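Read the figures in this text as sums done on the coordinates, not as results from a lab. Nothing here was measured: the structure is a model prediction, and the numbers come from that model. Cβ atoms come from the backbone with ideal geometry, glycine included; neighbour counts cover every protein chain shown.
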Amino acid sequence: MQGYYEPVYLISVVANMLDIHPQTLRQYEREGLVRPSRTQGSMRLYSQHDIDRMKMILRLTRKMGVNLAGVDVVLRLKEQMDVMEQEIEQLKEELYRLNRHGSVPAGKAIVKKSHYDIVIFEE
């Protein structure tokens with residue numbers, strides 16, 4: 001069983017799966033929207049992650065009318081949001097751990113990190 005990020009699919013297989021022309025996949029790569037792995041013979045190999053990303057690209061372009069420059073902005077913002085969500089989860093875990101040990105006053109906590117603040121007030 002392959003991992004989510006393991007590159008195993010050839011361009012022809014992916015094009016068939018997504019019902020698009022292989023040239024469209026090459027264009028997405030030229031635009032920097034997807035970065036398939038390469039074999040030593042320079043053949044493109046796509047992972048399931050790449051395929052899911054391309055499904056999102058197709059949804060944005062076909063159903064929402066977003067151009068490729070807009071897709072690039074949307075994908076970059078999504079990546080930033082994912083990183084921030086991970087940071088928030090780490091901060092919540094740290095806060096929970098500290099609160100369990102009595103280091104944070106019960107019911108109130110303020111955590112400052114990077115460019116944003118998290119304020120939690122329990123009633």
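Worth pointing out:
- Residue separation of residue 93 and residue 31 scaled by 0.36 nm, minus their Cα-Cα distance, works out to 18.5 nm of gained length.
- Model label zone, residue 42; criterion: amide N under 19 Å from point 7 Å along Cα-to-beta-carbon; scope the range 1-22: 10-12, 22
- For the range 9-66, the relative contact order works out to 32 percent when only alpha carbon pairs closer than 8 Å and six or more residues apart are counted.
- Loop sites in the range 1-110: trypsin sites (Lys or Arg not before Pro), DSSP, at most 12 other Cβ within 10 Å: none
- Maximal additional length on extending the residue 49-residue 61 stretch stands at 2.5 nm, based on 0.36 nm per residue less the C-alpha distance.
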